[in-house]
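The values are calculated or read from the model by the stated rules, or taken from the named source; none is laboratory data. If you're wondering where the values come from, they're calculated on a predicted model, not measured in any experiment. Here the Cβ is made from the backbone with ideal geometry for all residues, glycine too, and neighbour counts use every protein chain on show. SASA here: full protein model, heavy atoms, side chains in, ligands and nucleic acids out. Shrake-Rupley method; radii C 1.70, N 1.55, O 1.52, S 1.80 Å.
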Amino acid sequence: MVGYDSLTVQDFENANWRNVPKYVQIRQSHNYSIEYRAASQSAMDRGENQKALALKFLEELTGIHFDADKPDNPFSAFFVGNEYRTLIPTDLDSHELSLVKWLAAEAEEPELKARFNDILWIVAKDYNAGIRAIGEYIDAAKDLWEGTDNEFHSSITRATQLGAKLGRRIHIPQCKVAINELLTKAFSEKRFSRALSLLELLFDQHLEESEILAPNIRNVADGLLSENNDYVLHIALDLLRKVLNHAKKPEDSISIQEEEALLYERQADSKALTGNYLVASDFITKAISVLRQIGRRASSVELLEKKLLEYQELSVQNMSVVSTNMEFTDDDLNQYRAAVSGFGLLEALIRMSRTIRVRGLEETRKNYDETHEGLVFMRLVSTIVVTKKGNVVAKIPPVNFDDSSEEEERQSMHLFKDAALYRQADGLMIDVMREQIYVEHHPSEADFKALVLNHPFVERGHEILFARALKAGIDGDRMMCAHFLIPQLENSLRHILRSAGANVTDLKQDYTQDEATLGRIFSEHKQLLIELIGEEVYFNLKGLLISKYSTNLRNLSLHGLMTDDEFDNYEILYLWWLVLRIFLAPFRLSPKTQVESNAEAQPQTQSEDVSPFVETQLHEPPLADTEVAVPVTKDFDSQSRNLGFTKKSWGPSLGSWNLFLENIGPELEYLDTQIDINNAYFSASPRQGLMVRQGGHIRITGVIKDLPLSEELNPQGQVPFRVTLHFQIGEQRFSQACVTLNGLAKDFEVKDAERIE
């Protein structure tokens, strides 16, 4: 705030401050502020600094924001910035308050006198100033009668508030007389909106009996009906209902609500005649809500519901498609094709899964804040989500700036909606890469079955279902993909939660049990799911599958609400890609089950009744936007190490592998097999289907734990691994000599090593 220590009463007299308000046509405080600002700038231009300072002080006083709806703190800053705000009454020091007191006594306009005395009451608790403010606010209300409804009403309301606080028995009668005078004037001039605001003030401040208020409000309602002022008429009927309830006349109150419902229906039919079925549907919904509140018979509500469905279906034609053009050049698309072209099938799939970044909640929130910055209108209106028949399935309310506690919940609704747009864009890139992989490899169902076999994300017996879903996705058959994939995905989420110790059944009162629905899975097990699959995957799966504010595929597809062409959707392809990414993701050992790996460690046989997912957690690896193959380095930490056989990195040093061994001899029996890689053990039990004989070779598949890497890179950029097989022939146990990958062993040779994450 500008310093006013040097100001004196004479400075105000010299500035001729009393003449400035005479130029104001609508005598409202903020209009005075505009004139004082102009006069101050003019004095400054003439070099009359003290005059300019005096007028600047008046500009700030009259510019303070006034809100009568906040009786305990009606004055606030007009502007608040990061490092600056305008004046508020508590900023005034004793010298400045003395100037305000002098101005209150010398001002000629009731609005200014009322404001200055009110400030003295609020800051200095000057009782006499507060008493003077009551009468001056009443005079200001009369003076502002020809101005806006809000200004006159604010003045008379503030007078009533001060009267109640400073001596109700003495000052409220004065306020009541003034209100009734204005009310008589409003009725005589047929200004029904102003009459209604005065009647509402009398009711809120308990200044009049209900028996007197009710007929007056009825007169206002009839006047508004004759004017076809339906918006204010609803306010009048609502006030009349409150008054009748206060008078303990419930039957009369119910009849008013029936009148409200009929008014809503009349408004709906009026809008329908003009073809505005969207607004008509909203009015019918409000009519139904009112009738349900008063318990009206089902038949009357049913008729309105039929009309609602009719209007909603017609409302779809009122909706226009808003689209954003996204231009991609051939060079852009070719970059994505090149990212997966010329590689083996497995590596191409891995590269596709890593080329697109998964956007989580925080990134979506950041994008939302950036794209909606300054778009106040979008935060002031509500958003509805409708089906193709116009049925409303979700509502996103506008932001309530006065209630920050609801802001996060409301914003999350918008975030789920916005995330769907990003997935559509990413889906195009995924489709380009999918098509390239399909053309080069034509993957079979068997290829995908090998990918999901023994995977902790898949419950045993569901492998073929997942394989067919993934095959349909790579073929571009999104309809088939959705019908196979969505129910299996739901089951797999229950499976990994159950494997991690969570209860995913619902025990009813009759002791029957149902499996947990997706809604319960995502709400009750949110934190555990995030630990298992990562926040980004959790956020997108929830939006894709069940969020009414987003894609909602699970409910729409499985309830038969999607048409043939609606399955031609990039978000279904995105869901397929996200699940494929899960199957190609590395694994991380849970800290609570991690086994210390050292040279002296003995092989530990995994119990057969323990799911692999108890020991391993699905974990999102670090992502590279377009570069999938990252050179292997020696700089490893204890939790996340890079692996590689050539110059490619496969992310963290955890995952499922196939080891193909040959020249092993026909007498080998593979029971309770253990594999030791750099002194880290994992089990490959044949009873779990983790080891199979293929002609003269053995393929061992299992989940490798965190590997202690101590070897240097060789000149070819490879990381050597020492592999030992511990197996059993009959009753005798053997440990074959250590081998290095791509190297020779005593009796057998590691032919190849294929990662199947």
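Take Glu515 and tell me if it is open to solvent by 60 Å² or more (accessible area, probe 1.4 Å), within 23 Å of His462 (Cβ to Cβ) and more than 19 Å from the chain's Cα centre (by Cα). Yes, satisfied. Ser210 falls short on exactly one of the conditions (1) among the hydroxyl-bearing types (Ser, Thr, Tyr); (2) surrounded by 15 or more Cβ atoms within 10 Å (Cβ to Cβ); (3) under 44 Å from the mean Cα position of the chain (by Cα), and that condition is (3).
The residue pairs whose first member lies in region 334-352 and is closer than 21 Å to Tyr574 by Cβ, whose second member is charged (D, E, K, R) and surrounded by 21 or more Cβ atoms within 10 Å (Cβ to Cβ), and whose beta carbons are closer than 6 Å, counting only pairs six or more residues apart or on different chains, are Ala339/Arg351; Val340/Arg351. Taken as a whole, the condition of being in a helix (DSSP H, G or I), open to solvent by 40 Å² or more (accessible area, probe 1.4 Å) and at pLDDT below 90 does not apply to Glu251.
What residue, among those in region 278-315 that are farther than 24 Å from Pro250 by Cα and of a type in the set (D, E, K, R), is nearest to the chain's Cα centre (by Cα)? Out of the qualifying residues, it is Asp282.
Rundown of residues vs (1) open to solvent by 30 Å² or more (accessible area, probe 1.4 Å); (2) farther than 17 Å from Ala114 by Cα; (3) part of a helix (DSSP H, G or I); (4) in contact (Cβ under 8 Å) with a residue 24 or more places away in the chain, yes/no style:
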{"residue": "Ile34", "(1), (2), (3), (4)": "yes, yes, yes, no"}
{"residue": "Ala39", "(1), (2), (3), (4)": "no, yes, yes, yes"}
{"residue": "Ala43", "(1), (2), (3), (4)": "no, yes, yes, yes"}
{"residue": "Lys51", "(1), (2), (3), (4)": "yes, yes, yes, yes"}
{"residue": "Ala54", "(1), (2), (3), (4)": "no, yes, yes, yes"}
{"residue": "Leu58", "(1), (2), (3), (4)": "no, no, yes, yes"}
{"residue": "Leu61", "(1), (2), (3), (4)": "no, no, yes, yes"}
{"residue": "Ala68", "(1), (2), (3), (4)": "no, no, no, yes"}
{"residue": "Asp72", "(1), (2), (3), (4)": "yes, no, no, no"}
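Taking the condition part of a helix (DSSP H, G or I), closer than 20 Å to Arg218 by Cα and among the β-branched types (Val, Ile, Thr), does Ile288 pass? Against the criterion (part of a helix (DSSP H, G or I), closer than 20 Å to Arg218 by Cα and among the β-branched types (Val, Ile, Thr)), Ile288 does not qualify. Hey, does region 123-133 have a residue that's at pLDDT 90 or above, within 21 Å of Pro21 (Cα to Cα) and in contact with a helix residue (DSSP H, G or I) (Cβ under 9 Å, 6 or more places away or on another chain)? Yes, region 123-133 contains at least one residue that is at pLDDT 90 or above, within 21 Å of Pro21 (Cα to Cα) and in contact with a helix residue (DSSP H, G or I) (Cβ under 9 Å, 6 or more places away or on another chain). Within region 260-280, can one find any residue that is open to solvent by 30 Å² or more (accessible area, probe 1.4 Å) and more than 24 Å from Ser315 (Cβ to Cβ)? There is no residue in region 260-280 that is open to solvent by 30 Å² or more (accessible area, probe 1.4 Å) and more than 24 Å from Ser315 (Cβ to Cβ). With respect to (1) open to solvent by 20 Å² or more (accessible area, probe 1.4 Å); (2) within 23 Å of Leu201 (Cα to Cα), the lone exception for Thr90 is condition (2). Between Lys142, Lys176, Lys190, the distinction of being more than 43 Å from the chain's Cα centre (by Cα), closer than 22 Å to Tyr231 by Cα and open to solvent by 10 Å² or more (accessible area, probe 1.4 Å) belongs to Lys190 only.
Restricting the search to helices (runs of 4 or more DSSP H) fully inside region 511-589 and requiring at least 1 residues that are modelled with pLDDT of 90 or more and of a type outside the set (A, V, I, L, M) gives 518-524, 526-533, 535-545, 570-584. Inspection of region 489-503 finds a residue satisfying the criterion of being under 26 Å from Val432 (Cα atoms) and crowded, with 21+ Cβ neighbours inside 10 Å. Looking across Leu233, Leu224, one residue alone is of a type in the set (A, V, I, L, M) and over 30 Å from Val316 (Cα atoms). It is Leu224.
Taking region 213-237 only, how many residues are open to solvent by 50 Å² or more (accessible area, probe 1.4 Å) and of a type outside the set (Val, Ile, Thr)? Residues that pass the stated criteria total 9.
Taking Gly135, is it open to solvent by 10 Å² or more (accessible area, probe 1.4 Å), at positive phi and over 38 Å from the mean Cα position of the chain (by Cα)? Step through it out loud before you land on a result.
Numbers: open to solvent by 10 Å² or more (accessible area, probe 1.4 Å): yes; at positive phi: no; over 38 Å from the mean Cα position of the chain (by Cα): yes.
Taking the combined requirement at face value, the residue does not satisfy it.
Taking the criterion of being open to solvent by 20 Å² or more (accessible area, probe 1.4 Å), in contact (Cβ under 8 Å) with a residue 40 or more places away in the chain and not basic (Lys, Arg), the residues of region 427-466 that qualify are Leu428, Asp431, Glu435, Gln436, Glu440, His441, Asp447, Ala450, Leu453, Asn454. Annotation note: Cβ proximity below 9 Å between a residue of region 559-573 that is small (Gly, Ala, Ser) and a residue that is assigned to a helix (DSSP H, G or I) (sequence gap 6+ or interchain) occurs for no pair.
Conditions (1) touching a Cys at 6+ places or on another chain (Cβ under 9 Å); (2) of a type in the set (Val, Ile, Thr); (3) buried (at least 24 other Cβ atoms within 10 Å of the Cβ), marked per residue:
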| position | (1), (2), (3) |
| --- | --- |
| Asn540 | no, no, yes |
| Lys548 | no, no, no |
| Thr551 | no, yes, yes |
| Asn555 | no, no, no |
| His559 | no, no, no |
| Thr563 | no, yes, no |
| Asp568 | no, no, no |
| Leu575 | yes, no, yes |
| Phe583 | no, no, no |
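Listed by first and then second residue, the pairs linking a residue in region 123-149 that is closer than 18 Å to Thr90 by Cβ to a residue that is among the small types (Gly, Ala, Ser) and in a helix (DSSP H, G or I), with Cβ atoms under 8 Å apart and 6 or more places separating them unless they lie on different chains, are Ala129/Ala104; Ala133/Ala114; Ala133/Ala159.
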